[in-house]
């Protein structure tokens, strides 16, 4: 059965394998939410499917269920009213383990085929999942569709492709022959078996539940592990739909559906700490706050732990050709999803002596005001502004905006509410932009997640680079941008950010933004600074989710013929 | 310069890359200590070079030296009288870090070339190193030559080949192009840089300082890290010679010699704990006892830690064709290097109802006595016995033999001293063989390192397999052997040992032994049970010693031509 799935999706796999080697642009799942691609009724069907989920229990026939949980509320205003099975961890672990022997025995091709079929079905459900992502994370619809759907599916496929490569690097068997004397040959038949680690847990985040959750989920599943998905209590639905689809495919193919289970919890009764420290759990993938990620790294010692945490991302402005092109690009980055991306820039370093732009010297304040103006212009059109900003995922972020303002710095731009026509109750805030001096490290040398931006006056670009690298080294950073017309400055920035383990984007204008990363080409998180210990995606992300265990047995050799 | 080294050794690298994919027999460094291969005077020269090391300071021009350490004594009787630089950790760390920028900037080919040249020179010095290994570990000369020289060099080459593959999987740069509309193309020039983690520490063991130390040393060095080599206080010399050679090659090629340094210490003033927990240390490779390995895993949290620890290895006897062939093979395994290999079998499980051998039913005692008889015969020739047994590395192992006898079990064979003609003062002990019942788990379900063997009477082969797997799962195990003429039993054993993460050898007779593993083909330690978290060698062993950090910059595209 599942070999058919492998054949059906073989081209997709091959495309991904080529892409991760070439690292050119490639995508398996179309990012355009078009009826021509997804079917003329796909958008309406997706909305209807989402609506049909609301205000009722989400049924999952998984064992170890003791009651229900679920209090998700859309950042756009309405409560979702969905309840999920509440998992009893003993029961859940027993169920996950029970599925392992059959899954372990499946061939590599069977497991890959099943995972690619799950991805295919997730892709077909992209509109439904987009609505689920939008109304849990607060992303605008377009972003929820792309990042929550096809881009997340591409990242999953990328992880599967890496895992496929790793699992097939070593042959399944070989005849090993050694001449032990002039006439004697010893031969051994050796067999190499992929042995998964056991039960894996994926801890989802509230802002990108699928994009950040899928790589670990699929990397663990395809390498033979059972996966328990523990969503953030605020963003359960997208992962619950994912689990439902995965279980259906597994069951159809004759495997135990409990190889993928949901472990939903609530803010009042969180289960992540007891879950990730269970002795049965041998792999943990985590995306979320640095503090909790550090806790998991320190305490889930029985498991291999992969973390994507937070950090302080910087923009270094040295010089530019075109002020509008630069500030327009920056304004979009700062505004997109209200700065609730782990890749959004927080700190913008500008020399207090000003910068050269297109041969003209502009003061610090002129550049800072140009950034403010660009944000104002971008969000000035209410419909565009609402779509770009989306909504604020949770109340803590709102409080953080107030806190940032109270803590200090000169307010260059107030964080305002922006009306959302379609969802008047939406929790919308535009970026707060503060001006501070490089000496005020207490303000900007800390992560202030959300629409909070510091424009920092430095002694010069040398100090700007130094501070951006220091933030990356000490607090973690996932992205850094630099604007300069001087190739030496670009080289300095590249050297400093490489050493600090942060990806650098140079002179971005137009339709590429520092906070976006492209599957099969960009490594998301380097694993080389405190923002995480792993990347999407490389061999290190997959190779340790299974081990190779071998056996060997002598093979009789024909008597040697005397020469 | 170093590109020349890469070209010079390219064929060696290519051979290794092919071998780790095919996993057939292959070796780069001849294991036969023959004058025809290594030069007619190589043996005498090696002995002379070793003699010239004795009773004087070992000079290494590395900074951060505060006095000397060194109290090595040969298990064959004489004190070595060598002192080594005693390292001040602050000075050593500063020196190691100072070398990093130049090494990080070197091309992948330059680093690989340097490492392969170091290996080439180590190979040329195999006789000197063999004597150094023999007179620190207690191995017999032939084993010291093979395991300490060419086999260790092969394992190093294997790690380099894996690292080469990982470092070159991603191109160094690519032009990424995406159609963002019907007419518009966005293009980015992306660069991918290998960024090493920083300072690596290799903690050597007393029994196989080079074989177990080289994979980590070369995997870290070739991926751009600086390596501090911390030998066991009882086996410094082989690694000191290695460090000396590595430093010479680095210096010749214009790199900082302090990229490889020695951190020798003494039993009275050990430095491993403060060393491996230094904030500068980002990678630790450890081989040694489980207790200390567990401590490092729990405490060196700032580093990526690779461990090869200990375990309890089993032989399961179900049935056999030929008693002599089986017991002869087992006797050699039990006797080789007095059982001081992490791969030596400790527990032999035999059904108390006896076993079928060549169609004849033999009682438990008959089989047990045949094993004892085979050991007696093997060691009966004093010269052969002395060469196979070697000498006991340290006094603790002697005490453990007495302890094992005192703890209980029926003594089937006493551990005796065996005269060594060449070295009358050698500390030689033959295997102690004890008979116990499966119920006496307190005796055999623990690691008793050294020439201590339990023959355990079980209810049947089912229980034998169960107990062998249980020991592997709970205490760790690196090897397991099974003897059976029943293919179903072999399959059961293979399934159980694979799940327990231990390599299985079936029906070994003749010149292949369960305690030997072959570079490029056999994975040493699975990483899937408590005997270690890593293997020699796979992608997981190398891929996380560096990270890839990228940069991207727009490339202007020609205006689109309207179709």
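A few comments on the model shown:
- Here the spin labels are modelled as points 7 Å beyond Cα on the Cα-Cβ line, and at residue A:302 and residue A:442 they lie 4.4 nm apart.
- Based on Cα atoms of the protein assembly as shown, Rg over Rh with Rh as the Kirkwood radius reads 1.00.
- Cα centroid separation, the stretch B:384-427 to the stretch B:435-457: 17 Å.
- Cβ-based exposure ranking for B:505, B:266, A:487, A:107, in which fewest neighbours within 10 Å come first: A:487, A:107, B:266, B:505
- Exposure proxy shown here: for B:9, A:173, the number of other Cβ atoms within 10 Å sets the order, fewest to most, as A:173, B:9.
- Cα gyration tensor category, rounded, prolate or oblate, for the stretch B:309-464 with a/c compared to 1.5: oblate
- Label-point distances for residue A:105 to the equivalent site in the other copies, using a point 7 angstrom along Cα→C-beta, read 5.9 nm when ranked shortest first.
- Inter-chain neighbour count for B:14-23: the average number of beta-carbon atoms from partner chains within 10 Å of each residue's beta-carbon is 2.
- Chain A Cβ-axis minimum, rotational copy B, residue and distance in Å: A:539, 2
- Full-extension gain in nm, residue A:179 to residue A:97, via 0.36 nm per residue minus C-alpha separation: 25.1 nm
- Taking 0.36 nm per residue of separation and subtracting the Cα-Cα distance, full extension of the segment from residue A:90 to residue A:105 would add 3.0 nm.
- Potential extension, residue B:73-residue B:168 segment - 0.36 nm per residue separation minus Cα distance: 29.8 nm
- Inter-copy label distances at residue A:322, shortest first and taken from points set 7 Å along Cα to Cβ: 8.2 nm.
- Centroid-to-centroid separation of the stretch B:176-237 and the stretch A:491-563 [C-alpha atoms, Å]: 11 Å
- Distance-filtered residues of the stretch A:359-393 - backbone nitrogen under 19 Å, label point 7 angstrom along residue A:321 Cα→Cβ: A:359-362
- Peptides A:352-361, A:339-348 ordered by packing proxy, namely the average of other Cβ atoms within 10 Å per residue, highest first: A:339-348, A:352-361.
- Ratio of the Cα radius of gyration of the stretch A:2-309 to 2.2 N^0.38 Å, where N counts its residues: 1.05
- In chain A, the longest principal axis of the Cα atoms and the axis of helix A:108-124 are about 40 degrees apart.
- Translational D in µm²/s for chain A (Stokes-Einstein at 10 °C, 1.306 mPa s, Kirkwood Rh from C-alpha pairs): 64 µm²/s
- For residue A:424, the distances from its label point to the matching points in the remaining copies are 10.7 nm, ordered from shortest, with each point set 7 Å beyond Cα toward Cβ.
- Summary of the geometry: the stretch A:8-57 and the stretch B:1-45, compared by the centres of their Cα atoms, lie 51 Å apart.
- When the helices of chain A are scored as -39500 (n - 2.57) per DSSP H run of n ≥ 4 and the total is divided over every residue, the value at 222 nm lands at -13000 deg cm²/dmol.
- For residues of B:495-503, the mean tally of beta carbons on other chains within 10 Å: 5
- The value of relative contact order for the stretch B:313-506, using C-alpha pairs under 8 Å at least six residues apart, is 29 percent.
- Among the residues of B:161-174, the average count of other protein chain beta-carbon atoms within 10 Å of the residue beta-carbon is 2.
- Ascending count of other beta-carbon atoms within 10 Å, so fewest first, for A:282, A:191: A:191, A:282
- Helix B:89-105 axis, angle to chain B major axis (alpha carbon atoms, nearest 10°): 60 degrees
Throughout, read-outs are computed from the coordinates displayed, never taken from laboratory work. Quantities reported herein were computed from a predicted structural model and do not represent experimental measurements. So basically every Cβ, Gly included, is an ideal-geometry build from the backbone, and we count neighbours across all protein chains shown.
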